[in-house]
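Here the structure is laid out as structure tokens; the discussion comes afterwards.
The values are calculated or read from the model by the stated rules, or taken from the named source; none is laboratory data. Quantities reported herein were computed from a predicted structural model and do not represent experimental measurements. As a convention, Cβ positions derive from the backbone with ideal geometry for all residues, glycine included, and neighbour counts pool all protein chains shown. Keep in mind that these areas ignore ligands, DNA and RNA; they rest on the heavy atoms of the full protein, side chains included. Shrake-Rupley method; radii C 1.70, N 1.55, O 1.52, S 1.80 Å.
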Amino acid sequence: MATMLDHDLSTAFPAGTLITDPGECAFYAQDVHSDGAAPCAVFRPANIDELSAGLAAAHARRLAIVPRGGGMSYTKGYLTEDAGALIVDLSRMDRILEVDPVDMAVTVEAGCTWAALRDRLKPLGVRVPRWGTLSGIKATVGGGMSQNGVFWGGGNGTIAETALSFDVVLADGTILRTGSGFLRPFGPDLTGLFAADTGAFGIKAHITLPLEREAEAFGYGSFAFDTPDQAFGAMSEIARQGLAAECFGFDPFLQAQRMKRDSLGSDAKALVGMMKAQGSFWKAVKEGAKVVAAGRSFLDQARFSAHLIVEGRTEAAAAEDLKRVERIVTEAGGRSVENTIPKVLRANPFPPVNSMLGPDGERWVPVHGIVRHSRAVEAVARIGTLYEAHAAEMERLGVGAGYMFLTVGRTGFLIEPVFFFPDSWGELHRRSVEPAHLARLKEAPANAEARALVDRLRKRIIDIFGELEAVHLQIARTYPLKERSDPAGWQVLEAVKRAVDPEGTMNPGALGL
């Protein structure tokens, strides 16, 4: 591939769109967990025409092109092994182009954040069906469509499957439009080919999503369980019945980390936001008082916890669904606890990304798999056995491990092992974590041994998930798609790659292509 030394690119790209400073380029080549090779430059277009022109210029020079969204991923989606690639940062393309409450669609540029989209739609009483990840204050719609994220609305499925159409810019600058813009699909699902591609097929510039009416009534539940099979059994049955918009849980370790990290009862902004969301003055006062009274101790005796949000068109409908949830929990052996976590989280759905460092300043990195409901307990048991085999080494190096759980639609159970370990921070952490929060944390020295252990454990967990026929989000360069694919299906993906990127310059290595 060409490098900056081979060509003077200063006049080949639209004015003011290139960053060539080595320090800044190094920042853009970091994700939450890893550093990539140095790019030749960072290209920051302001609109689809500049994006098209820049990619055409890069293609003429055979530069590798690597799209980057909000930078919140941890699977090397925009990191390359070879130096000299052109990173395409879409953060300047952040406009909401059209909101159509009559035909129920919204079109955004790829760099629009989930938080900005929600802020625009909320006063209109509408939203998109899956409306972001917890990092949505920085994570972008384009990143969600490429990486296929999940959280808000996860009870109904993943983010990428909601897209109606894309405007995609291919490696040579060609603009390709998929779908009809109001119903997916129209013929073979071309939109679906570019969804969840982690940027391997092209760069999504414009995204059209369906709108739906915002729910009018809500119910919140938090529950404690003594064993994982109790917690998973209840969560799976709640998912099968479609009772919750979001249903997530924690194991004891991650529960403790969350309680240390989040001052749920005393965080004034979160409390005020939660109270405002209750809809009436007296209800707000009542619920706010319950949160303060509960503080952070209400889960002290719980081994596993589940938290969920029920939505409805009426208070009666939401209350009935919550009663069904409570019956399921009771039959599974669980018990109700104060529902502080889902209330505060839903009222403040896109908090600062301070949790990308642990409560004591540790590095944080997850890994995940989505399994069938019937394999969830086995998956956690096998991962637990792995931890037991490495317990002494984990203890010696200060590596902590926990889990987050999330039901995905009716059929999927997401298990996300999370690691905390002492290591120095990256520039991405320094720029992403709130300064006041960062100032309270202590940075550890570089710790190659702890990081290497975490990497080995993550790799083995991915193997375990593979043995259990799990699937993954944000595949990028971390999860082995080819090895898990039907051979004939993989040949189709390779043929698509050749058709849209014959030179192989679009995010080479993503998806294993």
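Share of the chain's accessible area from carbon and sulfur, percent, 1.4 Å? Walk me through the numbers before you get to the answer.
On the way: 11160 of 20870 Å².
Roughly 53 percent of what the probe reaches on the chain is carbon or sulfur.
Return one number: the angle in degrees, 0 to 90 and rounded to the nearest 10, between the long axis of the Cα atoms of helix 376-389 and the longest principal axis of the Cα atoms of the chain.
80
For a quick protection proxy, order the peptides 314-324, 383-393 by their average other-Cβ count within 10 Å, most packed first.
Numbers: 314-324: 15.4, 383-393: 13.5.
Peptide ranking by packing, descending: 314-324, 383-393.
Compute the acute angle (0 to 90°) between the alpha-carbon long axis of helix 252-261 and the principal axis of greatest extent of the alpha-carbon atoms of the chain; round to the nearest 10°.
So the inclination is approximately 80 degrees.
Over the chain, calculate the relative contact order: mean separation of alpha carbon pairs under 8 Å at least 6 apart, over the residue count, as a percent.
Numbers: 1114 pairs, mean separation 86.0, N = 513.
Result for the chain is 17 percent.
Determine the shape class of the range 315-441: with a ≥ b ≥ c the square roots of the Cα gyration tensor eigenvalues, call it rounded for a/c under 1.5, and otherwise prolate if a/b is greater than b/c, oblate otherwise.
Details: a/c = 2.41, a/b = 1.34, b/c = 1.80.
Oblate, because a/c is 1.5 or more while a/b does not exceed b/c.
Let a ≥ b ≥ c be the square roots of the eigenvalues of the Cα gyration tensor of the range 383-449; is it rounded (a/c under 1.5), or, if not, prolate (a/b larger than b/c) or oblate? Write out the running numbers ahead of the final one.
Details: a/c = 3.16, a/b = 1.26, b/c = 2.49.
It is oblate, given that a/c is not under 1.5 and a/b is not larger than b/c.
Give a quick list of chymotrypsin sites (Phe, Trp or Tyr not before Pro) in the range 147-246 that DSSP marks as loop, anything other than H, G, I, E or B, with at most 16 other Cβ atoms within 10 Å. Show your work: numbers first, answer last.
Working: sites: Phe151, Trp152, Phe166, Phe182, Phe186, Phe194, Phe201, Phe218, Tyr220, Phe223, Phe225, Phe232; in loops: Phe151, Trp152, Phe182, Phe186, Phe201.
Here the chymotrypsin sites (Phe, Trp or Tyr not before Pro) that fit, given the DSSP loop and packing criteria, are Phe182, Phe186.
Among the listed pairs Lys122/Lys323; Lys76/Lys323; Lys138/Lys459; Lys343/Lys459; Lys138/Lys323, which are separated by more than 31 Å between their Cα atoms?
On the way: Lys122/Lys323 28 Å; Lys76/Lys323 43 Å; Lys138/Lys459 27 Å; Lys343/Lys459 35 Å; Lys138/Lys323 36 Å.
Correct reply: Lys76/Lys323; Lys343/Lys459; Lys138/Lys323.
For a quick protection proxy, order the peptides 38-47, 205-214 by their average other-Cβ count within 10 Å, most packed first. Walk me through the intermediate numbers first.
Values: 38-47: 22.7, 205-214: 20.0.
So the order, starting with the most tightly packed, is 38-47, 205-214.
Can you give the accessible area per residue of the chain, in Å², using a 1.4 Å probe? Present the calculation step by step, with values, prior to reporting the outcome.
Numbers: 20870 Å² over 513 residues.
Normalised by residue count, the accessible surface of the chain is 41 Å².
So which GluC sites (Glu not before Pro) in the range 28-133 are both in a DSSP loop and have at most 14 other Cβ atoms within 10 Å of their Cβ? Kindly include the intermediate steps, with their values, before the conclusion.
Values: sites: Glu50, Glu81, Glu98, Glu109; in loops: Glu81.
The qualifying sites are Glu81.
Stretched out fully, how many nm does the piece from Ala316 to Lys459 gain, at 0.36 nm a residue minus the Cα gap? Before the final figure, lay out each step's value.
Values: separation 143, 0.36 × 143 = 51.48 nm, distance 4.70 nm.
Gain on extension, Ala316 to Lys459, equals 46.8 nm.
Based on Cβ point charges of +1 for Lys and Arg and -1 for Asp and Glu, what charge dipole magnitude is obtained for the range 123-232 about its Cα centre, in debye rounded to the nearest 20?
Values: 7 positive and 10 negative charges, 65 e Å.
Roughly 320 debye for the range 123-232.
Assign one of three labels to the range 367-513, namely rounded, prolate or oblate, based on the Cα gyration tensor with a ≥ b ≥ c the square roots of its eigenvalues; rounded applies when a/c is under 1.5, prolate when it is not and a/b is larger than b/c, and oblate otherwise. Show your work: numbers first, answer last.
Numbers: a/c = 2.03, a/b = 1.34, b/c = 1.52.
Oblate.
Given C-alpha coordinates of the chain, what is the ratio Rg to Rh with the Kirkwood estimate of Rh? Working shown, then result.
Working: Rg = 22.7 Å, Rh = 23.7 Å.
Using Cα coordinates only, the ratio equals 0.96.
Where does each of 22-33, 437-448 land if you order them by average Cβ count within 10 Å, highest first?
On the way: 22-33: 17.8, 437-448: 12.8.
Averaged packing, sorted descending, gives the order 22-33, 437-448.
Return one number: the angle in degrees, 0 to 90 and rounded to the nearest 10, between the long axis of the Cα atoms of helix 281-294 and the longest principal axis of the Cα atoms of the chain.
90
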